[in-house]
Amino acid sequence: MKNWLILAAGALILAVPALSGNNYVLRLATIVCMYATLAQSWNFIGGMAGYPSFATAAFFGLGAYASGILQGLGVPMIAGWGLAGLVAIVFAAIIGGAILHLRGHYFAIASLIIAEMLREIVNTTPDLTGGGMGLNLPILQLSVDTQAKFFFLMMLMLAVATTATAIIVQNSKLGFGLRCIQQNENAASILGVNTYAYKTGAFMLSAIYVGIAGAIYASWVNYIEPPDVFDVLLAVKPLVMVLLGGLGTIFGPALGAIVLLIFEEAVWRNFLTVHAAALGIIIIVLVLFLPNGLLSLVRKKSSGSGA
Amino acid sequence: MIYAQILANGLVLGGLYACIAVGFSLVWGVLNVINILHGTFIVLGSYVALFAYNFGGIHPFVSVAIAGGLLYVLGYAIQKGLVNRVISAPVLITLTLTFGLDLVLNNAMLVAFTADYRKINLANPLGSFEFGPVFLPGDRVAAMALALLLTLLLYWILRNTRIGRAIVAVRMDREAAALMGVEVARVNAVTFGIGALMAGAAGALLSIVYPISPLNSSLFLGKAFVVCVLGGLGSVPGALIGGLVLGIIESFGSFWFGPEHAVTISFALLLVLLFVRPSGLLGKRGYE
């Protein structure tokens, strides 16, 4: 119950100032919601199950392109978003079946390669995807202000839905099984946890909302290109956010999203040419000095986050 | 007879790939760390060769020693100062740390050297020679020969020197090696240094083949991944075979499907191989 109250309060605290602020504030709030969705999604496979997935960029780009292509064929926008989520989850089920028997580094690399492959496929099929030229999406016939509010609310709803899923999963048999896998997969398997099914489930959960986020993002910015939506940083930032907030926690990823965005914005504004290095420095400091996240500073509580 | 030419191109490319991957594979096998910095180390080696040539007139083949030495020091320092602090942490942590380090180093190179593609124009190129129906560009073949020589030298060092035996011992069993009196922390640092040295040397050799830019680092890293998975981890012969196989596959793949698909082919191959044989073509089961 406590978690649901925190979720409702958090959404309100974000929504009220965002909707009454100017479009710059709205844009930042929209990105926070997108980041929170990505981080929360990564947490299913990376935090709960302890599998270092770099497939987030693949799901994001896949969702963006699936929705973009479908809308080009005349599918309405919202239906395109839903179908993008469907494409992402089916893709995750297939790919997950292929790579989830790998562990550790091998899994990390295989998941990293998937985004690279999708990017190459998009690049080499210009008839369908526009290739390196990118893809234009239909422009909404709404005023700029209304659009900004609309996309913010959509992203917010998505972030809330992802977090709600995380709360449900955390307290379910699935969440319990995933934590068992994280702590000792062989032991979990011997005790009768169907590890393969659980991992695949977590991988699919980590895909669906990311696919939808990619689709909403594509409609929001109206134009996508492979280096933008298959960016490797899209795969790395979620895990940085989760590390910031605390592995395997419910609200850690959302907190991490806010902290990371504030930091990014400050760096972008003041030191544009070294923003990648600044992100690198956060990562180094985080890994070396704060492996359990910012929340561990506040309260010394070990919630199975010893990964 | 076009196939003989394609095979020759593939072998030349493959020798260079082996040299790119062997250091990466060694670090992965011994330290159990995926060194994302490897691609950036290679590019740094290329810049050392570029500046040595432009300002000192030093031939890139000679710069191999300079680049290797400088990168050994850099690699040793990075391992000793930073990576070693989290060496026993899970995969996610070490991988993320080297990723962060890579962002910093690569960004520093972008600022210092810009993203422009540069090239070394040798004053006295070796030209090309014909070998039956096959044309071979002299400089590339020489670079490949040097790359193979370096790889074999590493193999010899691992088998016949004291530190080499210590490295192999740590790769086989870290705890047992420590009990036998091997200083594991020092072996870790030396191994990381050697990995960086091989990257720097490979970079100097590649400087006469590829254009030089910080943007290339992920390309080289991708090749190192594929070669490692093809050949299996931590062994020099594995990297050698993996490199040659990748070179030949890419060469034939670009011929049959078009050069724009070369990367897709090698990645698809990697995924298939990870699925059916995660320990590599030569690898033993149990390393994954």
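Both radii were evaluated on the Cα set of region B:157-253; the Rg over Rh quotient, with Rh as the Kirkwood radius, amounts to 1.05. Relative to the Cα centre, the charge distribution of region B:153-210, modelled as +1 at Lys and Arg Cβ and -1 at Asp and Glu Cβ, gives a dipole magnitude of about 120 debye.
The share of accessible area on the protein assembly as shown that comes from carbon and sulfur is 69 percent, using a 1.4 angstrom probe. The Rg/Rh ratio of chain B, with both radii computed over alpha carbons and Rh defined as the Kirkwood radius, is 0.96.
Accessible surface computed residue by residue for chain B, with neighbouring protein chains in place and a 1.4 Å probe, gives 41 Å² per residue. Using a 1.4 angstrom probe on protein heavy atoms only, which residues from region B:88-107 are buried by at least 40 Å² of accessible area when all chains are present rather than their own chain alone? By number: B:Val91, B:Leu92, B:Ile93, B:Leu95, B:Thr96, B:Leu97, B:Phe99, B:Leu103, B:Val104, B:Asn107.
What quantity of accessible surface, computed with a 1.4 Å probe and excluding non-protein components, is buried in total between chains B and A, in Å² to the nearest 100?
Values: alone 13490 and 14310 Å², together 24350 Å².
Rounded to the nearest hundred, the buried surface is 3400 Å².
The base-10 log of I(q)/I(0) for region B:50-207, evaluated at q = 0.12 Å⁻¹, reads -0.69 [Debye formula, identical scatterers on Cα atoms, solvent excluded]. Among A:Asp228, A:Asp127, A:Asp145, the largest mean-square fluctuation in a Gaussian network model of chain A (Cα springs under 10 Å) belongs to A:Asp127.
Segment A:Val25..A:Leu153, full-extension length gain: 44.8 nm, with 0.36 nm per residue of separation and the alpha-carbon distance subtracted. Between A:Ala187, A:Ala164, A:Ala108, the residue with the greatest mean-square fluctuation in the GNM of chain A (Cα pairs under 10 Å linked by springs) is A:Ala187. Using the Cβ-Cβ distance between B:Ile58 and B:Arg186 with R0 set to 41 Å, the FRET efficiency works out to roughly 0.80.
Which FRET efficiency, nearest 0.05, do A:Tyr196 and B:Ile157 yield, Cβ-Cβ r, R0 41 Å? Present the calculation step by step, with values, prior to reporting the outcome.
On the way: r = 42 Å, r/R0 = 1.03.
For A:Tyr196 and B:Ile157, the calculated efficiency is 0.45.
What residue among B:Trp156, B:Trp28, B:Trp256 shows peak mean-square fluctuation when chain B is described by a Gaussian network model with Cα springs under 10 Å? Comparing B:Trp156, B:Trp28, B:Trp256 in a Gaussian network model of chain B, the most mobile one is B:Trp256.
Can you name the helices of chain B, as whole DSSP H runs, whose Cα span along the helix axis is 20 Å or more and whose Kyte-Doolittle mean is not below 1.6?
Details: long enough: B:2-31 (43 Å, 1.74); B:38-56 (26 Å, 1.08); B:60-81 (31 Å, 1.24); B:91-113 (32 Å, 1.82); B:138-160 (32 Å, 1.26); B:184-206 (32 Å, 1.54); B:217-231 (21 Å, 1.84); B:236-257 (30 Å, 1.54); B:262-276 (21 Å, 2.92).
Span-like helices, by this rule, are B:2-31, B:91-113, B:217-231, B:262-276.
Just to verify a number: FRET efficiency for B:Ala112 and A:Asp231, C-beta to C-beta distance, R0 = 35 Å, to 0.05? Each step should come with its number before you reach the end.
Working: r = 23 Å, r/R0 = 0.66.
Efficiency at R0 = 35 Å is approximately 0.90.
Classify the protein assembly as shown: rounded, prolate or oblate, from the alpha-carbon gyration tensor (a ≥ b ≥ c, eigenvalue square roots; a/c under 1.5 rounded; otherwise prolate if a/b is larger than b/c)? Cα axes put the protein assembly as shown in the prolate bin.
The values are calculated or read from the model by the stated rules, or taken from the named source; none is laboratory data. Computed from a predicted model, the values in this text were never measured in an experiment. Methodologically, a virtual Cβ is constructed for each residue, glycine included, from the backbone with ideal geometry; neighbour enumeration extends over all protein chains shown. Please note that ligands, DNA and RNA were not included when accessible areas were found on the heavy atoms of the full protein model with its side chains. Shrake-Rupley method; radii C 1.70, N 1.55, O 1.52, S 1.80 Å.
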